Amino acid sequence: MPRQSSEIQVSIARSGARPEPRTLVIIPAYNEEESLGRVIRQVKEAVPSADIVVINDGSTDATSEIAEGYGAIVLDLPYNLGIGSAMQTGFMFARNYGYDIAVQVDGDGQHDPHEIPELLAVLQSTDADVVIGSRYIEDRGYITPRLRRLGIVILSALISLLVRQHITDPTSGFRALNRRAIDFCAGDYPFDYPEPESVVTFRRAGLKVREIPVTMNPRYGGQSSITPLRSGYYMIKVIMAIIISLLRQRPQAVGEVYHVE
């Protein structure tokens, strides 16, 4: 049972009285005590009507306590399962509690929560099932280490070829998903390298993906697990994971399926 479950029930009870879609912001977090409070506060400023769930992925610091102190719903995983499992937990929560929209925001402060309304606007005004915030559609001053940028360019070219659509930022974890995509992710979501691999599985399942330009900030605190030396290894592993996923049975989204031309 998630902590602050009474707040969830209140939100559900009120859902019939408000016309806008019920939105859940999912924040996966592993040892993000330095940044998480500020992220939650900014999410509340940006989308006051949204609920917030923090998936505490086995943190050994005060991540869970800080999330609860800032009024988020907290789901504590028993140990560190990785970003894919943390996000699938969030999607299952969104599905089970009847949310119409889910937004993924990192807990390290690199995503700007004030841009969430831009993701939601595109999701609700187009035929997109998934809207991804891209660092590379526009130059907004974000500097990617050279080796990592090269890997992203190669990965972007490969994924664009596979999905027959130009994808500029396949590693972005700043996303908004509609109910159809939520249901799909709750049942079938990559564990190891979820962001790039999920773009491929989305399109194979007939889900429509769009990108919009967003701003990426430096981390508020802590260190990224993807160091420059690990970037090349990471990209090789991602490509292998994508190839393996292509050998799996074609996934199918809930409801009508749109086939890629």
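Treat the count of other C-beta atoms within 10 Å as a stand-in for reagent exposure and order ILE73, ILE52, ILE244 from fewest to most.
ILE244, ILE73, ILE52
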**For region 124-223: relative contact order, % (alpha-carbon pairs under 8 angstrom, 6 or more apart)** = 47 percent
**Request:** Subtract the Cα-Cα distance of TYR79 and ARG164 from 0.36 nm times their separation in residues, and report this length gain in nm to one decimal.
**Result:** 26.8 nm
**Complete:** Exposure-ranked with fewest Cβ neighbours within 10 Å first, LEU247, LEU120 stand as LEU247, LEU120
**Asked** What share of the DSSP beta bridges in region 5-247 is antiparallel, in percent to the nearest 5?
**Response** 25 percent
**Message:** Taking 0.36 nm per residue of sequence separation and subtracting the Cα-Cα distance, how much length would be gained by fully extending the chain between ARG149 and ASP61, in nm to one decimal?
**Reply:** 28.6 nm
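Normalising by the residue count of region 5-247, find the relative contact order in percent from Cα pairs under 8 Å and 6+ residues apart.
Computed over region 5-247, the figure is 23 percent.
Just so you know, all these numbers are worked out from the coordinates, no wet-lab data involved. No experiment lies behind these values; they were computed from the predicted model shown. Please note: Cβ atoms are built from the backbone with ideal geometry, for glycine as well, and neighbour counts cover all protein chains shown.
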